[in-house]
Amino acid sequence: MNILIKNGHIIDPANKVDEKLDILISDGKIEKLGKTGSVSSPDAQVIDAAGKLVVPGLIDMHVHLREPGFEYKETIATGTAAAKAGGFTSVCCMPNTNPVNDNRSVTEFILSQAAKEASACVFPIGAITKGSKGEELSEMGELRAAGCVAVSDDGKPVMNAAIMRRAMEYARVFDLLVISHCEDSSLSAKGVMNEGFVSTELGLRGIPRSAEDVMTARDISLAELTGARVHIAHVSTAGSVDLLRAAKARGVKVTAETCPHYFSLTDEAVRGYNTMAKMNPPLRTAEDVAAIKAGLKDGTIDVIATDHAPHGRDEKSGEFDYAPFGIVGLETALGLSLRLVAEKVLTLQQVLCKLSLNPASVLKIGKGTLKTGGDADITIIDADLAWTVDASQFRSRSKNTPFNGLKLTGRAVQTIVGGRV
């Protein structure tokens with residue numbers, strides 16, 4: 001089926017397009033872009049995008065789909081439905097499943113399930129070490145051949161520096177991106193929130209910012225040593241931003257992401273022992289939020305990702321110390337990110353780069369653009385649509401969000417994946 005998107009405001013940073021154009025989609029590919037009214041196809045399904053933004057499909061390079069092993073939290077079907085609702089046409093799923101995605105068979109299972117049930121493109125991320133135990137390297141060549149686009153032990157830091165060095169050297173052979181969960185577990189210990197004034201008042205064990213900064217420094221140093229492509233996940237501290245800025249100035253092959261919660265909330269959100277505000281790394285201080293925004297603005301932080309981490313209602317409703325870390329984010333990320341435009345932190349084009357073009361470039365997956373002949377992965381956004389977050393309406397199987405009831409402006413209204421609306 002052909003699809004004709006008419007009257008939309010096209011923004012494609014990769015090709016420096018920012019104007020009203022029509023787009024013709026044929027057989028899942030972008031066939032033609034032209035001035036409004038100049039593109040036609042007699043048998044096409046017509047989408048009138050007047051007053052809307054038409055942009056490359058959003059890409060989330062940090063998602064936990066939980067399948068196999070934790071399907072009560074999320075499945076590939078429900079997770080990609082949430083992605084589609086949030087405007088994301090592609091997601092990368094982290095390997096902390098059960099069994100861990102540290103071998104070809106698990107990767108192939110994920111891709112097989114995705115082919116049958118996913119409503120967005122799914123790119124698996126394999127484990128750095130077997131079982132994500134940090135002891136023995138996974139067979140990265142096998143993972144790459146099976147379809148993994150990166151490796152990470154996300155959720156668990158690789159504490160042994162020698163193993164992390166070998167991992168980077170090994171990954172470089174296969175041109176695999178290494179995604180680092182920067183946490184020194186000897187410093188974070190049994191901490192449950194940011195170490196500071198609020199943690200002291202609440203009597204909760206804190207996680208110091210240095211737990212992240214120390215590992216960020218180590219992995220930047222190892223990236224410089226090995227020449228590997230290294231990506232720092234979920235940056236939350238001012239110290240990490242400073243380290244990354246200096247590394248980029250030296251030419252180190254390092255990229256970084258942050259998440260909407262790290263530029264939208266502080267550790268004050270934990271007051272009342274709010275388990276919905278419990279995540280790892282934890283919410284930090286206003287100083288850190290300001291640094292994250294500055295890092296986004298000057299390009300130190302390349303990508304906005306969600307770290308979408310679904311958990312069951314019962315798990316999140318227990319005592320704060322025992323509740324799991326993590327929140328869902330696929331259905332709120334765009335609205336929260338557009339607040340950066342209203343605050344004049346980023347331009348609209350810059351937000352779209354960090355949600356689409358940049359993750360595609362970091363991952364080398366050939367998406368994030370509306371070029372002729374490219375995949376018809378397209379997100380149509382109503383930037384003026386006011387809406388209120390209602391977790392009960394999430395497509396995700398889990399509802400653990402600290403943003404329930406928040407009023408936002410800007411939302412995806414149609415998502416097209418491979419030419420399927």
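The values are calculated or read from the model by the stated rules, or taken from the named source; none is laboratory data. All values reported here derive from a predicted model rather than from experimental measurement. Cβ atoms come from the backbone with ideal geometry, glycine included; neighbour counts cover every protein chain shown.
Quick grid of which residues meet (1) exposed (fewer than 15 other Cβ atoms within 10 Å of the Cβ); (2) closer than 19 Å to ALA49 by Cα; (3) touching a Leu at 6+ places or on another chain (Cβ under 9 Å); (4) among the charged types (D, E, K, R):
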{"position": "ALA333", "(1), (2), (3), (4)": "no, no, yes, no"}
{"position": "GLN349", "(1), (2), (3), (4)": "no, yes, no, no"}
{"position": "LYS354", "(1), (2), (3), (4)": "no, no, yes, yes"}
{"position": "LEU363", "(1), (2), (3), (4)": "no, no, yes, no"}
{"position": "ARG397", "(1), (2), (3), (4)": "no, no, no, yes"}
Flagged pairs (Cβ under 9 angstrom, 6 or more apart or on separate chains; first in segment 405-417, assigned to a strand (DSSP E or B); second crowded, with 20+ Cβ neighbours inside 10 Å and of a type in the set (Lys, Arg)) are ALA412/LYS84; VAL413/LYS52; GLN414/LYS52; THR415/LYS84; VAL417/LYS84
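The rows are residues; the columns are (1) farther than 14 Å from ALA376 by Cβ; (2) assigned to a loop (DSSP other than H, G, I, E, B).
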site	(1), (2)
LEU4	no, no
ASN7	yes, no
ILE11	yes, no
LYS20	yes, no
LEU24	no, no
LYS32	no, no
GLY37	yes, yes
SER40	yes, yes
Of a type in the set (Ser, Thr, Tyr), in contact (Cβ under 8 Å) with a residue 12 or more places away in the chain and surrounded by fewer than 20 Cβ atoms within 10 Å (Cβ to Cβ): does that describe TYR273? yes
Go through segment 281-313 and report how many residues are assigned to a loop (DSSP other than H, G, I, E, B) and touching a strand residue (DSSP E or B) at 6+ places or on another chain (Cβ under 9 Å). 12
Residue hits (segment 136-149; under 19 Å from LEU65 (Cβ atoms), surrounded by fewer than 24 Cβ atoms within 10 Å (Cβ to Cβ) and free of Cβ contacts under 8 Å to residues at least 60 places away in the same chain) are ALA146, GLY147
Return the total of residues in segment 42-52 being without any contact (Cβ under 8 Å) to a residue 60 or more places away in the chain, under 18 Å from GLY418 (Cα atoms) and part of a strand (DSSP E or B). 1
Lone qualifier among GLY155, GLY141, GLY134 - being outside any loop (DSSP other than H, G, I, E, B) and in the same structural domain as ASN274 (by TED's automatic domain parsing): GLY141
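Residue by residue, here is whether (1) farther than 19 Å from ASN98 by Cα; (2) surrounded by 21 or more Cβ atoms within 10 Å (Cβ to Cβ) holds:
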position: PHE123; (1), (2): no, yes
position: GLY134; (1), (2): no, no
position: VAL151; (1), (2): no, yes
position: GLY155; (1), (2): no, no
position: ASN160; (1), (2): yes, no
position: MET168; (1), (2): yes, yes
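Tell me which residues, restricted to segment 162-177, are touching a Lys or Arg at 6+ places or on another chain (Cβ under 6 Å) and in contact (Cβ under 8 Å) with a residue 60 or more places away in the chain. Break it down into steps so the answer makes sense when it comes.
First, pick out the residues of segment 162-177 that are touching a Lys or Arg at 6+ places or on another chain (Cβ under 6 Å): 174, 176-177.
Scanning segment 162-177 gives a single hit, LEU177.
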For segment 35-45, indicate whether the set of residues that are at pLDDT 95 or above and of a type in the set (A, V, I, L, M) is non-empty. no
Assess whether ASP43 counts as being of a type in the set (D, E, K, R) and within 28 Å of THR332 (Cβ to Cβ). no
Which one of these is surrounded by 23 or more Cβ atoms within 10 Å (Cβ to Cβ), within 17 Å of VAL91 (Cα to Cα) and more than 19 Å from the chain's Cα centre (by Cα): ALA376, ALA412? ALA376
For the subset of segment 65-89 comprising residues that are surrounded by fewer than 19 Cβ atoms within 10 Å (Cβ to Cβ) and touching a Pro at 6+ places or on another chain (Cβ under 8 Å), which member is nearest to VAL55 (Cα to Cα)? PRO68
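How about segment 379-394: which of its residues are within 20 Å of the chain's Cα centre (by Cα) and under 15 Å from SER337 (Cβ atoms)?
Step one: filter segment 379-394 for residues within 20 Å of the chain's Cα centre (by Cα), giving 379-381, 389, 391, 394.
THR379, ILE381, VAL389 - these are the residues of segment 379-394 that are within 20 Å of the chain's Cα centre (by Cα) and under 15 Å from SER337 (Cβ atoms).
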Of those in segment 213-241 that are touching a strand residue (DSSP E or B) at 6+ places or on another chain (Cβ under 8 Å), in a loop (DSSP other than H, G, I, E, B) and of a type outside the set (S, T, N, Q), the residue farthest from LEU283 (Cα to Cα) is ALA228
Across segment 98-120, what is the number of residues that are over 22 Å from PHE88 (Cβ atoms), surrounded by fewer than 23 Cβ atoms within 10 Å (Cβ to Cβ) and in contact with a strand residue (DSSP E or B) (Cβ under 7 Å, 6 or more places away or on another chain)? 0
Hey, LEU370 crowded, with 24+ Cβ neighbours inside 10 Å, farther than 26 Å from VAL151 by Cα and at pLDDT 95 or above or not: yes
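Let's see how each residue does on (1) more than 18 Å from ILE365 (Cβ to Cβ); (2) assigned to a helix (DSSP H, G or I); (3) not polar (S, T, N, Q):
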position	(1), (2), (3)
THR80	no, yes, no
THR89	no, no, no
THR97	yes, no, no
SER112	yes, yes, no
Please name all residue pairs, on different chains or six or more residues apart, with Cβ atoms under 9 Å, provided the first residue is in segment 216-227 and is modelled with pLDDT under 95 and the second residue is part of a helix (DSSP H, G or I) and not aliphatic (A, V, I, L, M). none
Could you list all residues from segment 65-89 that are within 25 Å of ALA171 (Cβ to Cβ) and out of contact with any helix residue (DSSP H, G or I) (no Cβ under 8 Å at 6 or more places or on another chain)? GLY69
